[in-house]
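S.K.: One structure is given below, represented as structure tokens, and several questions about it will come after.
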Amino acid sequence: MPNKEWRIAGYSRADAAKLMKSGINPLISVLMASRGVTDPEDVRKLTNAELSDISSPFLMKDMDLAAKRVRLAIERGEHVAVYGDYDVDGITSSCLIADYLRSKGISCDIYIPERLEEGYGVKNSALEAIAKKGVSLVITVDCGITAAENKRYAAGLGMDMVITDHHEVTGEMPASPVVDPRRPDCPSPAKMLAGVGVAFKLVCAIEGEEKTEELLERYGDIVAVGTIADVMPMTGENRVYVRRGIELLRSGARPGLRELCYAAKSELKKLGPVGVGYVLAPRINAAGRLGGTDVAVELLITKDDAEAVRLADRLCELNAERRRIESVMVSQALKMLEAEPPNGKPIVLSSSSWHQGVAGIVASRISEKFGLPAIMICVKDGVGRGSCRSSGGYNIFEALYSCRDLLLSFGGHELAAGITVAEEEIPALRRALGEKYLAASGAETEAVLQVDFEVIKPAELLTVENIRALDLVEPYGVGNPQPVLCITEATVEDVLPLSDGKHTKLWLSKRGAVFEAVFFSKTIKELGAEKGILANVAFTPQVNEFRGRAIPQLNLCDFVPLTEGRISEE
């Protein structure tokens with residue numbers, strides 16, 4: 001879907017100059033000024049991401065009680081079970097806790113529910129099966145905040161339960177200990193951790209805060225994968241986890257993740273957050289989507305190279321099947337939307353033929369394409385189970401909360417959620433989300449391209465040295481998006497088709513400076529690019545290295561012939 005508008009944040013030249021005078025790179029200074037970060041110390045904190053940025057785990061409500069109970073289990077040699085979720089965050093969380101407890105010499109099972117048969121969250125039937133194995137302590141990861149009744153049921157089976165989660169609190173909260181940074185009475189500043197981040201903090205609390213760096217060297221890669229996959233904000237201590245974790249991933253220290261990278265034909269040494277999000281995470285997620293979580297769990301835990309190769313190949317096979325199913329579902333959803341366009345409202349689609357395990361990723365694809373929140377609902381026996389993805393500042397959790405009377409159950413956070421709804425209530429849910437909530441909140445759902453600032457003097461700012469300095473601003477993600485800049489009234493000096501016309505290469509000039517630019521997945525005809533015309537271009541700056549030569553390159557995200565300009569100043 002084309003962007004309806006570019007929204008340029010702009011920046012104060014005085015603020016940028018202050019940052020530059022303090023020794024901060026010029027391009028970073030302008031970028032930070034455009035994002036309202038004007039204190040040099042705040043910029044250094046963001047670009048350095050030091051271990052000291054990690055807050056004490058004991059600032060989390062009930063962490064002392066949770067750590068005490070797990071330490072007691074270790075001392076007694078109890079049989080423990082980790083109860084997780086079937087997505088990447090849940091799988092990584094489960095593996096982290098289980099690996100740590102096993103290293104302490106105790107028996108620890110991993111229980112991850114089967115997505116299609118059991119669904120999300122703690123179930124009493126599962127607790128019964130766990131109890132029969134002699135388990136005396138259950139630790140939930142990435143789930144459990146809604147399990148008040150399940151916790152009481154576990155107690156009746158002779159099992160204690162320590163809950164760790166990162167989802168919003170809805171309804172009755174389980175009895176202590178409950179470690180969740182989003183519970184209203186939790187004073188910890190680390191509110192936006194993934195489930196695996198909370199699990200890591202629990203391990204740090206058990207082992208001792210002084211061992212945080214040692215544990216990060218041991219589990220940083222797992223924490224990074226779960227955090228990136230769950231689309232957590234790349235701010236605060238998440239930046240530390242991801243930056244340290246990426247370094248560990250590149251070292252190939254964990255056989256499973258190393259071999260998964262190789263099997264996916266991705267270059268390990270250049271793996272970054274984008275590679276984790278688009279290469280590793282989908283393959284791990286495919287296991288949970290198609291009922292093969294045991295493969296993903298074994299991959300993350302194994303220390304055997306040959307076994308890692310076998311498991312990585314199997315995950316790639318599952319991912320190929322997931323992509324086939326996804327393609328069919330996306331095609332069907334697009335046909336539905338052709339017949340009944342969303343008209344700027346959240347998209348709510350349902351079908352009895354869809355695969356529940358793939359609904360979430362299809363919702364993401366539809367949301368990205370239309371720039372709107374999307375809910376894909378799989379209906380069976382009169383009940384719909386849906387996956388929700390947000391867009392454009394739309395808080396999907398608050399939206400669902402406002403429609404809770406129409407739902408059988410729901411849970412999640414502002415970016416993603418899951419619902420259970422009676423089939424006959426789906427039309428009412430669609431209307432409520434599209435009218436009642438939007439009218440009440442004024443949430444913005446229209447597609448808008450957020451641009452950090454306009455580059456006035458590209459020859460001075462877009463140098464190889466400056467662009468390389470942007471590496472310090474990584475990792476990018478929610479809360480710290482990849483920089484998007486723009487140049488207005490650039491002259492198209494030349495145009496060249498790439499890969500049989502699938503992509504387009506351009507040479508653009510402004511104020512005497514000429515830059516190579518590439519627009520992937522857009523043809524010359526689709527862009528309307530012609531030699532000699534003027535255009536406004538939005539882009540992410542990159543360095544193109546080829547045969548020992550490094551030059552600035554503009555990775556275009558929009559190209560607008562001057563007569564079609566869609567620019568506004570915030």
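The values are calculated or read from the model by the stated rules, or taken from the named source; none is laboratory data. In this text, all values refer to a predicted model and were calculated from it rather than measured experimentally. With ideal geometry, Cβ positions are generated from the backbone for all residues, glycine too; neighbour counts draw on all protein chains shown. Surface areas here come from the heavy atoms of the whole protein model, side chains and all, with no ligands, DNA or RNA. Shrake-Rupley method; radii C 1.70, N 1.55, O 1.52, S 1.80 Å.
S.K.: Starting from the Cα-Cα distance between Arg468 and Glu214, subtract it from 0.36 nm times their residue separation and give me the gain in nm to one decimal.
M.R.: Full-extension gain reported as 88.5 nm.
S.K.: Relative contact order of the stretch 211-323, please, whole-number percent, based on alpha carbon pairs below 8 angstrom and at least 6 residues apart.
M.R.: Rounded, it is 27 percent for the stretch 211-323.
S.K.: Among DSSP beta bridges whose residues both lie in the chain, state the antiparallel percentage, nearest 5.
M.R.: The antiparallel proportion sits near 60 percent.
S.K.: Related question: So what's the back-of-envelope 222 nm ellipticity for the chain, counting only DSSP H runs of four-plus at -39500 (n - 2.57) apiece and dividing by all residues, rounded to 500?
M.R.: The per-residue figure over the chain is -12000 deg cm²/dmol.
S.K.: Moving to a separate point now. Can you give the angle from 0 to 90° between the axis of helix 88-103 and the longest principal axis of the chain, with both taken from C-alpha atoms, to the nearest 10?
M.R.: 50
S.K.: Let me ask you something else. Is the stretch 367-408 best put as rounded, prolate or oblate by its Cα gyration tensor, with a ≥ b ≥ c the root eigenvalues, rounded for a/c under 1.5, and otherwise prolate when a/b is larger than b/c, oblate when not?
M.R.: oblate
S.K.: At 7 Å along Cα-to-Cβ for each site, give me the label-to-label distance between Ser351 and Ser56 in nm.
M.R.: Modelled inter-label distance: 5.3 nm.
S.K.: Just the number, please: percent antiparallel of the DSSP beta bridges in the stretch 321-469, rounded to the nearest 5.
M.R.: Around 80 percent antiparallel, to the nearest 5.
S.K.: Right, next: Kirkwood Rh and Cα-based Rg: tell me the resulting Rg over Rh for the stretch 222-261, rounded to two decimals.
M.R.: That ratio is 0.99, to two decimals.
S.K.: With +1 on the Cβ of every Lys and Arg and -1 on the Cβ of every Asp and Glu, and nothing else charged, how large is the dipole of the chain about its Cα centre, in debye rounded to the nearest 20?
M.R.: 700
S.K.: A follow-up question, please. Going through the cross-link list Lys369/Lys505; Lys191/Lys345; Lys68/Lys104; Lys61/Lys201, which pairs have a Cα-Cα distance over 20 Å in this structure?
M.R.: Pairs exceeding 20 Å: Lys369/Lys505; Lys191/Lys345.
S.K.: Here is a further query. Against the longest alpha carbon principal axis of the chain, how many degrees, from 0 to 90 and to the nearest 10, is the axis of helix 305-339 turned?
M.R.: It is inclined by approximately 70 degrees.
S.K.: Another question about this same structure. Can you tell me the Rg and the Dmax, both Å, for the Cα atoms in the stretch 470-547?
M.R.: Here Rg and the maximum Cα pair distance are 13.9, 38 Å.
S.K.: Taking 25 °C and 0.890 mPa s as the conditions, I'd like the Stokes-Einstein D for the stretch 359-504 in µm²/s, using the Kirkwood hydrodynamic radius from alpha carbon pairs.
M.R.: Estimated diffusion coefficient is 133 µm²/s.
S.K.: Note the full-extension length gain between Ser521 and Glu247 as 0.36 nm times their separation in residues minus their Cα-Cα distance, in nm to one decimal.
M.R.: Net length gain for the segment: 95.6 nm.
S.K.: Rounded, prolate or oblate: which one fits the stretch 40-98, using the alpha carbon gyration tensor with axes a ≥ b ≥ c (rounded when a/c is under 1.5, else prolate when a/b beats b/c, else oblate)?
M.R.: Oblate, because a/c is 1.5 or more while a/b does not exceed b/c.
S.K.: Positive end of the dipole of the stretch 81-180, charges at C-beta (+1 Lys, Arg; -1 Asp, Glu), about the Cα centre: which of Tyr111, Leu101, Pro174 has its Cα farthest in that direction?
M.R.: Leu101
S.K.: Here is a further query. Can you give the local net charge around Val198? Use residues other than it whose beta-carbon is closer than 14 angstrom to its beta-carbon, Lys and Arg +1, Asp and Glu -1.
M.R.: -4
S.K.: Once R0 is set to 45 Å, what does the formula 1/(1 + (r/R0)^6) return for the Cβ-Cβ distance between Val514 and Leu334, expressed as a FRET efficiency to the nearest 0.05?
M.R.: Step by step, r from the Cβ atoms, then E = 0.70.
S.K.: 5 Å is the cut-off here: which amide hydrogens, built 1.01 Å from N in the peptide plane, fall below it relative to Ser409, excluding neighbours closer than 5 in sequence?
M.R.: It is Thr420, by chain and number.
S.K.: Suppose the Debye formula is applied to equal point scatterers at every Cα of the stretch 278-357; what is log10 I(q)/I(0) at q = 0.11, 0.15, 0.17, 0.22 Å⁻¹?
M.R.: At q = 0.11, 0.15, 0.17, 0.22 Å⁻¹ the computed log10 ratios are -0.41, -0.63, -0.73, -0.96.
S.K.: Just how much of Leu46 is accessible, in Å², when a 1.4 Å probe is used and the result is rounded to the nearest 10?
M.R.: 40
S.K.: Suppose R0 equals 30 Å. What FRET efficiency, 1/(1 + (r/R0)^6) with r the Cβ-Cβ distance, do Lys457 and Asp42 give to the nearest 0.05?
M.R.: 0.70
S.K.: On to the next question. Run the accessible area of the chain with a 1.4 Å probe and give the carbon-and-sulfur part as a rounded percent.
M.R.: C and S atoms contribute 49 percent here.
S.K.: Right, here's the next one. For the stretch 51-138, rounded, prolate or oblate, judged on the Cα gyration tensor with a ≥ b ≥ c (square roots of eigenvalues), a/c < 1.5 rounded, else prolate if a/b > b/c?
M.R.: Since a/c reaches 1.5 but b/c is at least a/b, the shape of the stretch 51-138 is classed as oblate.
S.K.: Binning every alpha carbon pair distance of the stretch 483-527 at 10 Å from zero, what are the percents per bin?
M.R.: 27, 51, 21, 0
S.K.: Sticking with this one: Using only alpha carbon pairs under 8 Å that are at least six residues apart, calculate the relative contact order of the chain and give it in whole percent.
M.R.: Taking the mean separation of contacting Cα pairs over the length of the chain, I get 14 percent.
S.K.: What does the convex hull of the alpha-carbon atoms of the stretch 1-154 project to on average, in nm²?
M.R.: Mean orientational projected area (the stretch 1-154, Cα hull): 14.9 nm².
S.K.: Same structure, new question: Looking at the chain, I'd like the Rg to Rh ratio, where Rg is from alpha-carbon atoms and Rh is Kirkwood's inverse mean 1/r.
M.R.: Result: Rg/Rh = 0.97.
S.K.: Give the accessible surface of the chain per residue, rounded to a whole number of Å², with probe radius 1.4 Å and ligands, DNA and RNA excluded.
M.R.: Each residue of the chain exposes 42 Å² on average to a 1.4 Å probe.
S.K.: How long is the stretch 1-76 along each principal axis, judged by its Cα atoms, biggest number first, in Å?
M.R.: The principal-axis extents, from largest down, are 62, 41, 17 Å.
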